[in-house]
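*Asks:* Submitted below is the structure of interest, expressed as structure tokens.
The values are calculated or read from the model by the stated rules, or taken from the named source; none is laboratory data. Everything quoted here is computed from the prediction, not taken from an experiment. All Cβ positions, even for glycine, are placed from backbone atoms using ideal geometry, and neighbour counts span all protein chains on display.
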Amino acid sequence: MLTIILNEWKILIRNRGVVYITIIFVLSLVSIIWMGIVQNNNQKQIQISAQKHVRSQWDNLKPMNPHRAAHYGSYVFKPMSVLNSVDDGISAITGNVLKLEGHVQNEIMYSEASQSIALSKFGKLKTSLILQYVIPLFLIFLAYSAISSEKETGRLKILVFQGVSIFKLIFSKSISIWLYGVSLLIITISVQILLSSIDFETLQRLSYIFMAYSCYYYIITCLATYFSASLKDNTSALSSILATWIIWTIFLPKIWGNTVEKLHPLPSRQVFKSAMKEDRSKGIDGHNPSDKRREKLKNKYLTEYNVDSLKQLPINFDGIVMQEDEEYGNLVWDKHFGNNYSIFKKQKKLYQLSGVLNPFASLQSLSMGFCGNDMVHHLDFLKKAENYRRYLIEELNDKHAFGGSKTGNWKWTVDSAFFKSVKEFNYKNPSIEDQISHYVRDIVFLLIWVIFTTILIRFYINKNILL
């Protein structure tokens, strides 16, 4: 087998057309990677600068009432990693800026796509676009005539009469073309490592990316050589593998995606907001002095401190009410946002099942996941940002309640020293080891396809057609 593989590579290298195309393609690939890294680094620096500016504004707030500061709020940014330049996944659509303030859980905003002047069907020219669409097409055009050409020239019979196993011949040709794709993948990963600042976590994620794409390229090349060996001529082989590739990359994702949305639909924005507003109205109202639930809370604290009026309380009851209002709001947000997040998870799990029919779906899921830009990582950011918002507002309300002011004294203020004492939001993407369980289905389906295409070549080649 090694002899056949080496011979195939010699033929490949002697083909000037393939060599020239490969050189041009590699140079283009390196340029795309470099431009992606430069753009990603620029955006990252802008984001870091914006985050520092926001924190500086917070640290240097003029003396104000803590609850007013809660309405003033702050901003957090979803951090960008080196791997955004490889596959930015859903990040360009979901946005990366979130405002944190009292009484409301905001949605993330300022997506890159919404601010783009020129949008294409495929989005920006990212490395993932080349890896998922262009390289597989290269492999298809190299593999579709691998066996059919040998049949048409009669060379296949000569090789078989010389004692070459049909399986070894076809499998060796598949491996030789697969190694071409793997070589391009190695170049991509190597350039990414050389031009970026890589830590161990990123290196680990890149290694998983390499394995996922290698499996997909193997599936493509084995299937192409199978069609080449099973069908009578080059045209039939090329038509079959291209039709399969188009179904995998264009039709199935759209059909399955629409099906998933029908089976697990999200509520419309209007329905979502109306339901949340209705539930929110059932809780205590921190800004309504005549609210009956507020009256119950007042009596509770009057009894606890053994006083007759709010003015006699040693604390600021307004801050207590605000935090009570916030706690009830948290329950409402957990219910409604939690329901949406649960639907997102169900959609993802159901979409992953399409990997049974479509290895491209599994590849895309793994690519986005390993780059840290899929729904799993996005929801992790939203959860931790919301936890920080609750910490921030509670700090402000507690200061308002127990910081030394009395009930009704809304002119009471705190200085910048207090605002500086509030911890800054510090988010890091979870390690891939902690998240790998979310991608077990994709990994299993991709490996099943690897085994399936190998079995196709091994047992289902019609020798009569070949000879």
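*Asks:* Going by the conditions given, is LEU379 aliphatic (A, V, I, L, M), in contact with a Phe, Trp or Tyr (Cβ under 7 Å, 6 or more places away or on another chain) and either crowded, with 18+ Cβ neighbours inside 10 Å or part of a helix (DSSP H, G or I) (or both)?
*Replies:* It is true that LEU379 is aliphatic (A, V, I, L, M), in contact with a Phe, Trp or Tyr (Cβ under 7 Å, 6 or more places away or on another chain) and either crowded, with 18+ Cβ neighbours inside 10 Å or part of a helix (DSSP H, G or I) (or both).
*Asks:* Restricting the search to the range 220-264, which residues are assigned to a loop (DSSP other than H, G, I, E, B) and either over 28 Å from ARG155 (Cα atoms) or of a type in the set (Val, Ile, Thr) (or both)?
*Replies:* Going through the range 220-264, the residues assigned to a loop (DSSP other than H, G, I, E, B) turn out to be 231-233, 264.
Matches in the range 220-264: HIS264 only.
*Asks:* Tell me, which residue of the range 36-67 that is more than 16 Å from ALA417 (Cα to Cα) and among the basic types (Lys, Arg) is surrounded by the fewest Cβ atoms within 10 Å (Cβ to Cβ)?
*Replies:* LYS52
*Asks:* Collect the residues in the range 417-445 that are more than 26 Å from LYS384 (Cβ to Cβ) and either of a type outside the set (A, V, I, L, M) or touching a Phe, Trp or Tyr at 6+ places or on another chain (Cβ under 7 Å) (or both), keeping them in residue-number order.
*Replies:* Once the filter is applied, which keeps residues that are more than 26 Å from LYS384 (Cβ to Cβ) and either of a type outside the set (A, V, I, L, M) or touching a Phe, Trp or Tyr at 6+ places or on another chain (Cβ under 7 Å) (or both), the range 417-445 yields only PHE445.
*Asks:* Still on this model: Taking VAL307, is it closer than 22 Å to GLU107 by Cβ and of a type outside the set (Gly, Ala, Ser)?
*Replies:* Against the criterion (closer than 22 Å to GLU107 by Cβ and of a type outside the set (Gly, Ala, Ser)), VAL307 does not qualify.
*Asks:* Still on this structure, please answer the following. Show the residue pairs that are 6+ apart or on different chains and have beta-carbon atoms under 6 Å apart, the first residue being within the range 323-342 and under 17 Å from SER281 (Cβ atoms), the second being at pLDDT below 90 and among the small types (Gly, Ala, Ser).
*Replies:* ASP325/GLY286; TYR328/GLY283
*Asks:* Please enumerate the residues belonging to the range 357-402 that are of a type in the set (Gly, Ala, Ser) and touching a helix residue (DSSP H, G or I) at 6+ places or on another chain (Cβ under 7 Å). Don't jump to the end; show me each part of the working.
*Replies:* First, pick out the residues of the range 357-402 that are of a type in the set (Gly, Ala, Ser): 361-362, 365, 367, 369, 372, 385, 401.
Selection gives ALA361, SER362, SER365, SER367, GLY369, GLY372, ALA401.
*Asks:* Just to verify a result, which residue in the range 408-436, among those that are modelled with pLDDT of 90 or more and of a type in the set (S, T, N, Q), is farthest from the chain's Cα centre (by Cα)?
*Replies:* For the range 408-436, the residue satisfying everything is THR413.
*Asks:* For ARG458, work out the one condition from (1) at pLDDT below 90; (2) under 27 Å from GLN105 (Cβ atoms); (3) basic (Lys, Arg) it doesn't fulfil.
*Replies:* Condition not satisfied by ARG458: (2).
*Asks:* OK, next. Looking at ILE315, ILE343, ILE284, which one is part of a helix (DSSP H, G or I) and β-branched (Val, Ile, Thr)?
*Replies:* After applying the criteria, what remains is ILE343.
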